[in-house]
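Input: a single structure, listed below in structure tokens.
The values are calculated or read from the model by the stated rules, or taken from the named source; none is laboratory data. Here the structure is a predicted model, which means the values were calculated and not measured. Quick reminder, even Gly has a Cβ in these numbers, built from the backbone with ideal geometry, and neighbours come from all protein chains shown. Ligands, DNA and RNA are excluded from the accessible area calculation, which covers all protein heavy atoms including side chains. Shrake-Rupley method; radii C 1.70, N 1.55, O 1.52, S 1.80 Å.
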Amino acid sequence: MLKADRMSTEGQMDMKPKMKRGGKFAAALSILCAACMLCSCAAMNAAQPSATTGASTLSESESSSQSTSSSGQTSSALSADSELSSSDTDASWSEQGACIITLNNTTATVSSTGAAASGGKVTVTKAGTYIVRGSLGNGQIIVSAGSRDDVRLVFDGVSLTCKNSAALEVLSCDKLILTLAKGTSNTLTDGSDYSLSQAEEDGPDAALFSKSDLTVNGSGALIVKGLYQNAVNCKDSLKLVSCTLTAEAENDAVKGKDCIIAKGAVIKVTAVSDALESSGSTKSGSGLIILEQCRVTVSAGGDGIQAAGAALLTGTDFTAVTGGGSANSINAGSNQFGGGYTASTQTDAVSAKAIKAQTEIVINGGSISIDSADDAIHSDCAVVIESGNINIDSGDDAVHADDTLTVKNGAISIKQCYEGLESMKLTIAGGIIDITADDDGLNAAGGNDSSSLGGRPGQNSFSSSSEQYLKISGGRISIDAGGDGIDINGSVTMTAGTLTVNGPLSDGNGALDYDTGFQMTGGTIAAAGSAGMAMAPDTTSSICSVLINFDSALAAGTTVRIQDENGKTVIAFTPVKQFQSLALSCSALKNGQTYTVYTGGTVSGADAQGLCLGGTASGGTETETFTVESAVTTIGKSSINPGGPGGWHP
């Protein structure tokens with residue numbers, strides 16, 4: 001069922017305090033943010049052809065409706081490089097002219113001006129390079145420089161603990177660059193209870209706390225332990241470049257208010273609440289998270305990625321367990337729904353999504369592995385999957401977008417979920433998609449979001465709309481659904497690709513369920529399920545379909561094949577579940593030709609989904625002979641008009 005996890009127009013998310021960002025992305029994302037808040041996002045870039053998956057390009061009308069920024073860029077075209085400056089990527093340093101800060105267990109010393117030490121506290125007040133070595137059991141480094149000063153701290157084997165505040169606190173400077181020396185491991189730890197001299201709203205709440213832009217680079221490693229609340233909290237732009245960061249937090253692990261931009265970084269995060277968060281500010285384009293060529297591992301009680309703007313993952317390996325994983329499903333309770341799924345009755349649940357963004361999520365390459373109690377991938381506006389290998393176990397929806405969801409290519413394996421791919425507007429132009437769902441496989445049905453009855457933030461309703469649609473123009477889609485295989489409160493068009501469905505056992509659902517029409521002009525369909533709501537593509541289709549309704553249910557593993565008058569197998573399908581209805585559509589079914597239906601027996605040449613076009617058959621029982629006289633041929637009894645937009649037979 002469609003739902004939103006709404007975030008306020010002020011950049012607030014999940015009722016957390018409002019958190020600023022400028023930069024080159026501001027103009028590029030401003031229109032996207034505004035469009036999302038009006039719930040009018042559109043599909044992104046045109047699909048790219050794929051020789052291996054049969055992907056095709058999006059239609060001209062779809063391409064022309066793509067969301068663009070004032071500069072002509074879509075979010076899909078943005079990259080980390082356009083936001084990173086030379087100072088962000090330059091991790092070189094020299095001791096010549098630098099100030100050496102030495103930490104000596106209980107005290108600290110400095111070698112030159114620009115920094116001052118008092119006991120275990122070091123204060124940096126000027127631009128320059130400061131090399132830090134040694135350890136302090138209870139001390140602090142404070143950066144309080146001019147607003148135009150760039151400060152570089154080089155951690156060359158540092159262990160720093162502050163028992164009553166942030167271990168590293170940046171009060172003012174233009175930018176702090178924290179460079180991790182090659183081959184070193186460095187640790188920052190705060191205490192579990194802060195003793196603050198003033199209760200300022202934006203005071204320190206993290207072991208690494210910065211009010212200025214913060215960049216972490218260098219090939220060394222940084223471990224940040226947030227025992228008070230957060231591990232890393234940057235109130236401006238946070239950039240992680242070719243570094244290794246491990247963050248552990250009692251609340252949120254890594255926060256960049258205006259943005260988090262990471263390139264070539266290795267990030268490992270453990271958080272009681274959210275793992276990576278950019279809450280945004282009043283600046284348009286803020287709340288952005290980009291992970292490019294990174295390796296990210298997340299274990300979070302809340303969200304894995306939470307972006308008040310867009311989240312872009314490019315060539316990144318992202319592994320996340322959120323909310324305890326799918327075994328801790330938000331839908332574990334007592335209220336029963338159509339697909340046999342059970343909705344939660346708890347009222348104090350929090351958002352535990354793996355990847356969540358307000359405007360857009362773009363995944364381009366890399367490997368995504370998610371085990372989430374809540375939605376795996378969730379956007380309040382749009383999701384675009386350009387490519388990549390995506391594996392999902394979800395306690396709720398696998399991929400949800402309030403407005404548009406576009407799959408252009410990639411391999412998506414959804415082993416567990418409530419609903420698979422869900423959006424008002426679904427477009428599949430390519431890729432290999434395998435979905436196992438407790439309810440619907442592909443959903444653009446609207447209505448109340450039953451899957452969010454656990455009281456999680458964002459529970460809402462979507463009314464049915466003529467704008468809802470499913471468009472398939474390529475790819476291979478395989479669905480095993482407890483509810484409807486596809487559930488579309490609008491229209492379906494299919495011009496290419498393959499769709500196989502092992503659908504519901506209950507007569508209250510169907511393998512194919514649509515409202516205003518299903519026009520098929522290319523591709524192949526084999527959709528098995530119950531007979532009570534069975535449908536096939538409609539009579540406006542140029543591809544012929546046959547809908548077979550059997551007198552009684554057939555056992556899982558029973559092959560059904562259609563042979564022509566010459567005894568050649570035209571199409572065969574072997575469902576993996578019990579079924580009483582089967583819709584078969586392919587270009588080899590020709591108007592005016594006579595065919596015979598067989599059940600049982602064997603067919604050689606079937607694919608992993610049990611579908612065979614052609615092949616050599618043997619055995620089986622002849623059950624029916626029919627002649628194709630229109631786009632849809634129905635065999636046996638049916639409760640629904642298989643070639644029209646719903647409606648019961650008189």
- Message: Just to confirm, what accessible area per residue do you get for segment 166-290 at 1.4 Å probe, in whole Å²?
- Response: 29 Å²
- Item | Eligible aspartates and glutamates near K239 by straight Cα distance, threshold 12 Å, same-chain separation 8 or greater | D81, E83, D88, D213, D258, E292
- Task: Beta carbons within 10 angstrom, averaged per residue: use that to sort the peptides 141-147, 207-213, highest first.
- Result: 207-213, 141-147
- Task: Heavy atoms only, probe 1.4 Å: what % of the accessible area of segment 126-214 goes to carbon and sulfur, would you let me know?
- Result: 40 percent
- Task: Report ³J(HN,Hα) in whole Hz for each residue of segment 279-288, in order, from the Karplus equation J = 6.51 cos²θ - 1.76 cosθ + 1.60 where θ = phi - 60°; Gly and Pro get x.
- Result: 8, x, 9, 6, 6, 5, x, 7, x, 9
- Query: Once amide H atoms are built 1.01 Å from N in the peptide plane, which residues 5 or more positions from I261, or in another chain, come under 5 Å H to H?
  - Reply: L238, K239, L240, I290
- Query: Straight-line reach from K590: which aspartates and glutamates have a Cα under 14 Å away, not including same-chain ones fewer than 8 places off?
  - Reply: D564, E565, E629
- Task: Take the alpha carbon gyration tensor of segment 105-252, find the square roots of its eigenvalues, order them as a ≥ b ≥ c, and report rounded if a/c is under 1.5; if not, report prolate when a/b exceeds b/c, else oblate.
- Result: rounded
- Looks like segment 116-203, by Cα gyration tensor root eigenvalues a ≥ b ≥ c and the a/c under 1.5 rounded cutoff (else prolate when a/b is bigger than b/c, oblate otherwise), is oblate
- Per residue Cα convex hull volume in Å³ - calculated over segment 514-650: 100 Å³
- Note on the structure: Once amide hydrogens are built 1.01 Å from N within the peptide plane, the residues lying 5 or more places from Y514 or on another chain with amide H under 5 Å from its amide H are I488
- Query: What's the carbon and sulfur percent of segment 354-425's accessible surface, probe 1.4 angstrom, rounded to a whole number?
  - Reply: 37 percent
- Message: For a quick check: with amide H placed at 1.01 Å from N, whose amide H comes under 5 Å from Y418's, ignoring anything fewer than 5 positions away on the same chain?
- Response: D396, D397, A398, D438
- Message: Quick check on segment 246-302: take the gyration tensor over C-alpha atoms, sort the square-rooted eigenvalues as a ≥ b ≥ c, and tell me if it's rounded (a/c under 1.5), prolate or oblate.
- Response: oblate
